[in-house]
Amino acid sequence: MKKGYLAASLVLAAAVASGGASISANAAISTKIENVTIDNGAFYNDLAATDYDESITNVVTKKATKVYKKAAKVTISAANAKKADANGDFVVIFTNSAKETIAAVTANAADLSVDSKVKVFAVNNKTGAVSLVNSKTYTVTAKGNLVMVLPQSSDVTYTVVNTDDAATIAADIEATVVLTNSKKTLSVGDTYGVAFKKAVDKTNFKLVTYGTSKKSVATVDKNGKITAVKAGTANIKVTVTLKNGTKVVKRIAVTVK
């Protein structure tokens, strides 16, 4: 992906939202559309998130259960790349039999050479917000095709990027995971719910687990509710597993008086 491509993708997303995209899935374009049903393994690896840490005595185990029932198997071909603009950017819109958009994908021709490895992000057509889709790395086939299974959506435009740029974008997303409070003082018997800042895009979250370093001082349940037990200090560990598999760990220093 060339410098500035993400910005270009946002423009393309706006074009898709307004119906102004220049490429559609019709007979002139070699696209393949197939409705499929997938289990959570396709987007969420089965995860028993114990996240064990010797300092954590109260670990919550939870399994990801979200299932996408509607997905689209889409294929971007070499023919699509030939439709690229002067910057190498192009967009392919996939429709169902009723001509409804089920997926729109932007890419840059330079990122789609044979054996190239890419990742996919979603760009909100209204806000331009970029979010994670899954942890997969896709490889362009020997025939120059890129095959992906993506959740059907007319609200986002999927953006294909090379792995180097993907790492930069993912790091920026990870940096946005911030708690409302990193310190909290409570009285015995008080409770407090772990919260993230309003700006945090929770669509990037796959799983959140909680643990405490000293359950005799403060406990935390599977929903992030902290309860002050007795005077002392304890660290509450918040582990956010993102859709790309990255774990972001945050801690709250709790003082109980």
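The values are calculated or read from the model by the stated rules, or taken from the named source; none is laboratory data. A quick note: this is a predicted structure, and the numbers were derived from the prediction, not measured. The area values use the complete protein model at the heavy-atom level, side chains included, leaving out ligands, DNA and RNA. Shrake-Rupley method; radii C 1.70, N 1.55, O 1.52, S 1.80 Å.
The table for this structure:
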item: 5 angstrom amide H check on Ala103, placed H, neighbours 5+ away; result: Phe94, Ser153
item: Relative contact order (%) - criterion: Cα under 8 Å, at least six apart; region: segment 100-214; result: 29
item: Heavy atoms of Val238 accessible to a 1.4 Å probe, total area in Å² rounded to 10; result: 0
item: Square roots of 5 times each gyration tensor eigenvalue, C-alpha, segment 91-188, largest first, Å; result: 33, 19, 11
item: Gain on full stretching of the segment that runs from Thr163 to Asp85 - 0.36 nm per residue minus C-alpha separation; result: 25.9 nm
item: Cα point-scatterer Debye curve for segment 189-257, base-10 log of I(q)/I(0) at q = 0.13, 0.17 Å⁻¹; result: -0.38, -0.60
